[in-house]
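S.K.: Have a look at this one.
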Amino acid sequence: MNRLVFRVGEWTALRDALLKDAPLEAAAALLVAQGHFDGGMRLVVREVVHPAAEDYVRRSNIEASLQPAFVANMLKRARMEGIGLILAHSHPRQRNLAFSPVDDAAQVVLAPVQHFRAPKGPHGFLVVGPRGFRTRLFDAAGQTTLEIERVQEVGATLHTYDRDGVDAGEPMPEIFDRNVRAFGAAGQRLLNGMTVGVVGVGGTGSVVVEELARLGTGRLILIDPESVEETNLNRLIGAEEGDVGLRKVAVAEKAAKRARRDIRVDGYAETVVAEATTRRLLDCDFVMCCTDSHGSRAVLNQLAYQYRLPMIDVGVRIDAKDSLVTNMSTRVQMLAETLACLNCHPLLDPVAIRRDLLADQTSDPYFVGHFEPQPAVISLNAATSSMAVSMLLSASTGFPGQARHLVGRPIDGAVRPIKSTPDPTCIVCAAGNALAMADSWPMIWRRHEG
C-alpha cells in the first residue's frame, strides 16, 4: 500500500485550509521525501507551504492556478534537498472526487518541468474534497505511475485516513464484539485495515503475534532469521516439540492463522539489519520491535524517525548470578516524532551495534569474548508484551491510555510511566538530522551481505 505521511495535525490543517474558502478552490505545495519498498512507496511530508494571495494567477470555483515563480521556488527547494514536490488543490463541491480534465492537462505540462528541475523526485498531484482525497505520482512524460491509498498523521498517536473518508462499512463480525465495546466499531475497522510488522517473534514477539491476530489486525509482516531451538519451548507461544528446527516465522505464522484463519501473514526468515529486509517494513502502519540485538534495535530506531513509521520497542531483562535472580526490569517505549528515541536515553551500546552490523564479525579483531544466554520467563514476557499491544491500541484506535513509555520493576511489583524529552541535538530524532528525511538521508542498515 502507498502512504502519504504527515506529522500529527498537519493533514487535517492542510485539508481545512484548502476547503475553508469553498466554493473557491485553493492550492498548496508539499515537499516530500520518498521511502521506496518492493511494490510501493512511503512518502514523508517534509513541509507544507501555503501560497499567499499574490502567488495565485487565477482562483475561482473551478480553478486554482499558481504563479510560475511560486512553483519554481518550490522546485528549487526540492532540488537542493534532494526530494520531490506534490502540488495540492481542492475540489470543494465535488461529491464524487476525481481529478478533472484540467488536472490531467496540467500534469502533462508540469511533469517534465518538475522532473527536470528536481530530478530526484518524486512528483505528483493531490486533490482534496469534502470527503476524501486523491493523490497520484507521475513520471517525466506525465504518465501516472502510482496512486496513494492512505494518508496518515504520525506522532504520539496514529491517525489514518483512507481515500474515500470514513465508511461505516459492514456490520462487525460477532468475534470482535468485545473489542468493539472497548474501542468502538471505528477503532476495530482501523485495526482490521492495519498492517503491523513484528520484528523478532521469540519470547515477546510470539505473544504480540498471538494478541494482534486475535484482536483482528488485517495483516502481519514477521521478520526473524532464527530457527526454533529446544530451549525456546519454555516461552515461544504456539511452538511445540515437533517445531524444533523450523523457522520461527513459520511457527508464528501458523499460530496467527490458528488464532484467526483470515489473517494475512507474510513471514521473512531474514535479519532486519539488511536493507532489503528493513525496507519491507515501510509497507507497515505500525511496527513492534521485539528483538534483543542492539544492532537491529538501532536500525529500527532510526527507521521509525527517518521514515515517520511509528514503533513500539519491547524490552525484558533478568539479571542472575549463580542461578539466583538479582534484578528484573521491563520497558515498553513508543518511538515516533515528538517522543524521545533510544539514542536520547541512551539505551544502545555502540560497540554492540557495530558488531551486529558487521556481515563477518570475525573480520574485526577488537571483538573478543562470548555471550552467555540470559534467563527468560514466559510470564514476564507475556505481561510486558501485553502492555506493548495495549499501547499500540491506545495510539491507533482510541483505546484509553496516554503513556508512551513504561518501565517496570517486577521484583517491586511496580510499573510506572516515564516522561522523556527528545534531545534537540539527537542525530536520529531531532529536526535537521535524520527526522522525516526518508531516502534522502543515509541509513545504518547493512547494504550488502557477505
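S.K.: Residues of segment 380-403 being buried (at least 17 other Cβ atoms within 10 Å of the Cβ) and under 15 Å from Arg189 (Cα atoms), which ones?
M.R.: Once the filter is applied, which keeps residues that are buried (at least 17 other Cβ atoms within 10 Å of the Cβ) and under 15 Å from Arg189 (Cα atoms), segment 380-403 yields Leu392, Leu393, Ser394, Ala395, Ser396, Thr397, Phe399.
S.K.: Test Gly203 against the criterion of being assigned to a loop (DSSP other than H, G, I, E, B), crowded, with 22+ Cβ neighbours inside 10 Å and not assigned by TED's automatic domain parsing to the domain that holds Ala64, and give yes or no.
M.R.: yes
Okay, residues lined up against (1) over 30 Å from Thr338 (Cα atoms); (2) part of a loop (DSSP other than H, G, I, E, B); (3) polar (S, T, N, Q); (4) without any contact (Cβ under 8 Å) to a residue 24 or more places away in the chain:
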residue	(1), (2), (3), (4)
Thr135	no, no, yes, no
Ala141	yes, yes, no, no
Tyr161	no, no, no, no
Phe176	yes, no, no, no
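S.K.: Please work out if Thr145 is within 24 Å of the chain's Cα centre (by Cα) and surrounded by fewer than 21 Cβ atoms within 10 Å (Cβ to Cβ).
M.R.: yes
S.K.: Six or more apart or on different chains, Cβ under 9 Å: which pairs go from a residue in segment 288-300 that's acidic (Asp, Glu) to one that's not in a strand (DSSP E or B)? Could you list them?
M.R.: Asp292/Gly200; Asp292/Gly202; Asp292/Gly203; Asp292/Thr204; Asp292/Gln374
S.K.: Answer with yes or no whether Val71 is among the β-branched types (Val, Ile, Thr), in a strand (DSSP E or B) and surrounded by 17 or more Cβ atoms within 10 Å (Cβ to Cβ).
M.R.: For Val71, the condition - among the β-branched types (Val, Ile, Thr), in a strand (DSSP E or B) and surrounded by 17 or more Cβ atoms within 10 Å (Cβ to Cβ) - is not met.
S.K.: State the number of residues belonging to segment 83-97 that are farther than 17 Å from Ala22 by Cα, free of Cβ contacts under 8 Å to residues at least 60 places away in the same chain and outside any strand (DSSP E or B).
M.R.: 0
S.K.: Okay, moving on. Would segment 411-432 turn up any residue that is part of a helix (DSSP H, G or I) and at positive phi?
M.R.: No; the residues of segment 411-432 include none that is part of a helix (DSSP H, G or I) and at positive phi.
S.K.: Return the pair list, or none, for Cβ contacts closer than 7 Å from residues in segment 6-26 that are touching a residue at least 60 places away in the same chain (Cβ under 8 Å) to residues that are in a helix (DSSP H, G or I) and crowded, with 20+ Cβ neighbours inside 10 Å, at least 6 apart or on different chains.
M.R.: Ala26/Leu18
The values are calculated or read from the model by the stated rules, or taken from the named source; none is laboratory data. Predicted model, so just to flag it, every value in this text is computed and none were measured. Here Cβ is always computed from backbone atoms with ideal geometry, including for glycine, and neighbour counts include all displayed protein chains.
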